[in-house]
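To keep things clear, I will list the structure first and then write my remarks on it.
No lab work stands behind these numbers, since they all come straight from the coordinates. None of the values given here were measured: they were computed from a predicted structure. Cβ atoms come from the backbone with ideal geometry, glycine included; neighbour counts cover every protein chain shown.
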Amino acid sequence: MKLQYLSDARDAFKWDILHWVCTQSSPAFSRLVYVPLLTPPDKPNEGRIPHQRFPCRDFIRAFVASLNTEPRSLTRVCSLGAVEPLKRFEVRVFSPGSFIGSAAKRREYWADFHPSDFDDSVVFFDPDNGFETKTRHGQKWIRHRELSDVIARLPATSVAVVYQHRPRLEWDTVFAELEKKIDYADSVAAHEPNLAFVALAGNRTVWRRVNDCIKGYAENHPTVRYRGVSHKG
């Protein structure tokens with residue numbers, strides 16, 4: 001559950017790149033929609049790395065540190081949209097107190113999620129592990145069926161972004177598998193040794209808008225690599 005670790009290195013990368021995509025895309029996006037996909041708690045300190053290890057911008061570092069202020073709440077992330085006063089954007093958190101669950105509970109989770117409402121938005125999905133794989137269809141992954149439905153209903157001015165934790169495979173292998181499955185969107189990724197953020201666009205115009213931005217992010221962050229994933233023609 002993400003309330004356990006609101007300020008480790010992956011948060012520094014996550015909020016830094018999301019803020020960058022929202023503000024540095026041309027044109028900038030007016031809204032970030034955060035979909036946390038919460039799951040029940042695991043071991044509280046497993047795999048946590050201090051946020052200082054990731055070279056994010058200073059105002060993002062201050063924001064990440066603030067997330068552990070008591071009482072902790074996912075709604076604190078809404079302040080991300082105001083950390084750079086001249087580049088403000090709206091931030092919404094979808095269902096901040098609900099677990100994603102499985103079967104009927106999972107269907108209930110998505111019942112109130114309406115992608116068509118999010119015009120000119122970056123819609124960020126934050127599963128514990130990333131995209132589903134052939135053998136893993138549990139709560140900690142987001143399913144391609146769910147994402148393809150989102151992409152089909154998102155306005156043409158909006159993009160989805162998905163968190164991807166690197167499994168015990170090389171990134172080339174991970175992305176090669178994703179390329180076979182992401183046939184429902186144009187896509188582009190930014191990754192460092194352990195994490196990737198994959199942007200999914202339903203049309204070439206918004207893909208180009210985000211692709212140029214993410215490529216620029218990688219060029220400005222030596223630990224981050226840019227990679228195109230499964231671009232439809």
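For a straight C-alpha distance cut-off of 15 angstrom, the aspartates and glutamates reachable from K140 (same-chain residues fewer than eight places away being disregarded) are D42, D126, D128, E132. A crude spin-label estimate for the pair S26 and E219, with each label 7 Å from Cα along the Cβ direction, gives 1.0 nm.
The HN-Hα couplings worked out from phi for the stretch 86-94 by the Karplus form 6.51 cos²θ - 1.76 cosθ + 1.60 (θ = phi - 60°) are 8, 9, 7, 8, 6, 10, 10, 10, 7 Hz, whole numbers, x standing for Gly and Pro. In order along the stretch 169-182, the phi-based Karplus estimate (6.51 cos²θ - 1.76 cosθ + 1.60, θ = phi - 60°) of 3J(HN,Hα) comes to 9, 6, 4, 4, 5, 4, 5, 4, 5, 4, 4, 6, 9, 8 Hz; Gly and Pro are listed as x. Computed over the Cα atoms of the stretch 84-134, the ratio of the radius of gyration to the Kirkwood radius (Rg/Rh) comes to 1.03. Would you mind checking the pairs K14/K181; K14/K87; K14/K215; K14/K180; K105/K181 and listing those with alpha carbons more than 22 angstrom apart? Violating the 22 Å limit, Cα to Cα: K14/K181; K14/K180; K105/K181. Under a 5 Å amide H cut-off, with hydrogens placed 1.01 Å from N, V161 pairs with V123, F124, F125, L200 among residues at least 5 apart or on other chains. 3J(HN,Hα) couplings calculated from phi for the stretch 140-148 with the Karplus curve 6.51 cos²θ - 1.76 cosθ + 1.60 (θ = phi - 60°) are, in sequence order, 7, 10, 9, 8, 5, 4, 5, 5, 5 Hz; Gly and Pro show x.
Taking amide H atoms as placed 1.01 Å from N in the peptide plane, the amide H of I142 lies under 5 Å from those of G130, F131, E132, each 5 or more residues away in sequence or on another chain. Peptides 21-30, 218-227, ordered by how many other C-beta atoms sit within 10 Å of their residues on average, highest first, read 21-30, 218-227.
Volume per residue for the chain equals 119 cubic angstrom (convex hull of Cα atoms).
Using the empirical formula 2.2 N^0.38 Å as the baseline, the Cα radius of gyration of the stretch 122-233 reaches a ratio of 0.99.
DSSP assigns beta bridges within the chain; of those with both partners inside it, close to 55 percent run antiparallel.
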